[in-house]
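The values are calculated or read from the model by the stated rules, or taken from the named source; none is laboratory data. These numbers were taken from a predicted model, which means no experiment stands behind them. We place every Cβ from the backbone using ideal geometry, glycine too, and count neighbours over all the protein chains shown. Heavy atoms of the whole protein, side chains included, go into the accessibility calculation; ligands, DNA and RNA do not. Shrake-Rupley method; radii C 1.70, N 1.55, O 1.52, S 1.80 Å.
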Amino acid sequence: MQVVVGAVQMHCALGDIDGNILKAARFVREAKSKGAQIVVLPELMASGYVMSEEIWEFAEPPNGPTETFLKNISAECDCYVGASFLEARPDGHFYNVFSLADNQGNLVGRVYKQKPASFEAFFFTSLQPQSEFPHIIETPLAKIGVQICYENLLWEVADEMREGKPEIILASFSAPLLVPGPSFPKSDCETFNTDLETIGGVVSRIHGVPTVYCNKTGSWESSMPLGWLTFVPYCKSRFPGKCAIFDNTGKVQDKLNGTHEGTIVGNVTLRNYNSTTEIPKHYGKFIIKPCFALKAFSLTETLGRISYNHNRMRFFKARSICAKQNPSCLDPTISAPSSLFGAAYSCVVAGAALALPLYFLSQT
């Protein structure tokens, strides 16, 4: 069976939800004019991307601006459209969720990012899976697998996808290039950035199905949590773009080689799931041989989870966003994290302040 798929490569301005959605709508219409039946938008398309608590200012409740847009544009263009957004929930948590709308304007599936990457763990968490195959969306058009950014590199997600047996995988990214600095040498950054460009092909080869790789373009800068520990308090980089469509063998079928905004559309053949190996080859937790930068994610993820779980500001901010839409949605029995944890967390950070820089330096 032949399906026409498309990916949108765009710059997403931080906090400009209305502007980003208007731009995305223009590109979805462009992809549809080229025949696209499924269109993938970048991760956190509407909000933009930043590694600070500022990102909570641009979070949405369920059925907020992003999901409303997806329903409207998919019905208008008679095609499936998917994007991720930062969701605020009445339980006081933030989640990164990819929603897919069908060609009639109905939301047909939601996939939650189960593994926040590195410093992302400071700002959102994973949702307990609600189904056996939480990365699979069953539709009349195709059995669609969804992997959000970092998840594409993880063996645990690949193994679950193997069990779910999708016919096509949508890989939505918001991944800037890694830049050399005190923590990471140039050679390590080059390896990481090459892996970022080619990971879609690796995913296709593992699962034997086509993959649509979608990433942002444009400049990116952000303050970094605990940046003084890793000697990188502020980061300036850019998104590489290079959206691509890979066939079931991992070969590049179509690709946007420049960093310009635009769309890529191509035909893919859907086949029965045909994994190349019974159990995907892996290197520890990754499906590719990790450079040091990728290994270091585990350290920042751990500190991020601790900070996030005991962040009272996070709890009240998420609930206030939901209350604006529906004041009755808040459960008064859910309590905020204890402020007594602050002293203990300070001790953890103090320990990391001594150990983490030495660890980073020893690996360069």
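See the values below:
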read-out: Surface share of carbon and sulfur [accessible, 1.4 angstrom probe, percent] for the chain; value: 55
read-out: Amide H contacts of LEU154 (H built 1.01 Å from N, under 5 Å, at least 5 apart or other chain); value: ILE287
read-out: Derived scalar couplings ³J(HN,Hα) [the range 240-245; Karplus, 6.51 cos²θ - 1.76 cosθ + 1.60; whole Hz; x for Gly, Pro]; value: x, x, 6, 4, 8, 10
read-out: Added length on full extension, which subtracts the Cα-Cα distance from 0.36 nm per residue, ALA25 to LYS236; value: 73.2 nm
read-out: Helix runs (DSSP H) in the chain reaching 20 Å along axis by Cα, Kyte-Doolittle at least -1.0; value: 17-33, 186-207, 292-309, 312-325, 341-363
read-out: Charge dipole (the chain, unit charges on Cβ, about Cα centre) - positive-most of LEU270, THR300, PRO90; value: THR300
read-out: The range 14-157: relative contact order in percent, alpha carbon pairs under 8 Å with at least 6 residues between; value: 19
read-out: SER183 long-range amide H proximity, modeled H, under 5 Å; value: none
read-out: The chain: C-alpha gyration tensor shape, a/c 1.5 cut-off, then a/b vs b/c; value: oblate
read-out: Whole-angstrom gap from the range 60-85 to the range 179-241, using each part's C-alpha centre; value: 27
read-out: ARG312-ASN72 FRET efficiency (beta carbon distance; Förster radius 41 Å; 0.05 resolution); value: 0.70
read-out: Interchain or long-range residues, amide H under 5 Å from ARG238's placed H; value: LEU177, TRP220
read-out: HIS260-CYS329 FRET efficiency (beta carbon distance; Förster radius 41 Å; 0.05 resolution); value: 0.45
read-out: Rounded to 5, percent antiparallel among DSSP beta bridges of the chain; value: 70
read-out: The chain, dipole about Cα centre (Lys/Arg Cβ +1, Asp/Glu Cβ -1), debye to the nearest 20; value: 360
read-out: Value of relative contact order over the chain, rounded to a whole percent, pairs C-alpha under 8 Å and six or more apart; value: 21
read-out: The chain - accessible surface per residue (Å², probe 1.4 Å); value: 41
read-out: Highest average packing first - 25-35, 96-106, Cβ atoms within 10 Å; value: 96-106, 25-35
read-out: Order of exposure, largest accessible area first, which applies to LYS251, LYS165 with probe 1.4 Å; value: LYS251, LYS165
